[in-house]
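> Have a look at this one before I ask anything.
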Amino acid sequence: MQIEPKPEVWLRGPLPEISDYLQPVAHALLQAQEEINDQLGNFPNALLWERPANVASVGFHLQHLTGVLDRLFTYARAESLSENQLAYLKAEGQQPSPESTVADLLDKFNKRILIALAQLKHTDEETLTQIRYVGRAMLPSTHLGLLFHAAEHTQRHTGQLLVTARILRAQH
């Protein structure tokens, strides 16, 4: 008996307590979370930092996804990055410790998704067109622009991560 796959998150209906305007952001984040967790559930720790054809490692993508969501949602709140966030950015792509595991990085990513969804639930629609500034250069965006970019960026890196993981599995 074949199990019918679930429809993609965006086809399952609206998420409770999230503005209609922010449903696409929430759907994209949850879709990425489902795909990453599904594909990396049994991914070997030994392959986490390998870089086939010199592309970014699976470990980098997991760190980067977590960090970018944190940073973009900070800017969306009209806040500047903390010293801890800047240190995390600088360390992205470096193995945190020899004992670091896929499960550790997935846990951090999953927690960041939950934090992002909570922020979306508490986002006032009236603020979505307000200017928000990005980085030390204070480049202008909007509240909605930052949230949309967080979703789009997450999807882009999810695709890269999944392809890299598939290549590594095929090679080993």
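> Taking the Cα centre of region 36-168 as the origin, how large is its charge dipole in debye, to the nearest 20, when only Lys and Arg (+1) and Asp and Glu (-1) carry charge on their Cβ atoms?
In debye, rounded to 20, region 36-168 gives about 220.
> Over all alpha-carbon pairs of region 102-148, lay out the pair-distance distribution in 10 Å bins, whole %, shortest bin first.
24, 36, 31, 9
> Sorting R132, R77, R169 by accessible area (1.4 Å probe), largest first, what list results?
The ordering from most to least exposed comes out as R77, R169, R132.
> Separate question: Round to the nearest 10 and give me the degree value, 0 to 90, for the angle of helix 23-40's Cα axis relative to the longest principal axis of the chain.
Compared with the principal axis, the helix lies near 10 degrees.
> Also, quick follow-up: Probe radius 1.4 Å, ligands and nucleic acids left out: which of H122, H157 has the largest accessible area, and how do the rest follow?
The ranking, largest first, comes out as H122, H157.
> Provide, in order from the shortest bin, the percent of all Cα-Cα pairs of region 77-172 in each 10 Å bin, continuing until the bin that contains the maximum pair distance.
Spelled out per bin, shortest first, that is 12, 35, 35, 15, 3, 0.
> Convex hull over the Cα atoms of the chain, averaged projected area in nm²?
Value for the chain: 11.6 nm².
> Still on this structure, I have one more. Counting only the backbone N, which residues of region 65-96 are under 19 Å from the spot 7 Å out from the Cα of I131 toward its beta-carbon?
Counting backbone N atoms under 19 Å from the label point, the list is 75-81.
> Based on the mean of other Cβ atoms within 10 Å per residue, sort peptides 98-105, 31-38, 3-10, 55-62 so the most packed one is first.
With the highest mean Cβ count within 10 Å placed first, the list reads 55-62, 31-38, 98-105, 3-10.
> Something else now. Over all Cα pairs of region 116-172, how is the pair count split among 10 Å bins, expressed in % and running from 0 up to the last occupied bin?
P(r) for region 116-172, in whole percents per bin: 20, 35, 24, 15, 6, 0.
> May I ask for log10 I(q)/I(0) of region 9-79 at q = 0.11, 0.16, 0.24, 0.25 Å⁻¹, from a Debye sum over the Cα atoms as equal point scatterers with solvent left out?
-0.39, -0.75, -1.12, -1.15
> Relative to the first principal axis of the alpha-carbon coordinates of the chain, what is the inclination of helix 102-121, with its axis defined by its Cα atoms, in degrees from 0 to 90 and to the nearest 10?
Approximately 20 degrees, to the nearest ten.
> I'd like the distance between the alpha-carbon centres of region 85-129 and region 63-81, rounded to an integer number of Å.
Each part's Cα centre sits 8 Å from the other's.
> Still on this model: Using each residue's phi in region 142-154, evaluate 6.51 cos²θ - 1.76 cosθ + 1.60 at θ = phi - 60° and report the 3J(HN,Hα) Karplus result to the nearest Hz, with x for Gly and Pro.
Result, rounded to whole Hz: 10, 4, 5, x, 5, 5, 5, 5, 4, 5, 5, 5, 4.
The values are calculated or read from the model by the stated rules, or taken from the named source; none is laboratory data. Everything numeric in this text was worked out from a predicted model, so none of it was measured. Here the Cβ is made from the backbone with ideal geometry for all residues, glycine too, and neighbour counts use every protein chain on show. We work out accessible area using only protein heavy atoms, side chains counted, and drop any ligands, DNA or RNA first. Shrake-Rupley method; radii C 1.70, N 1.55, O 1.52, S 1.80 Å.
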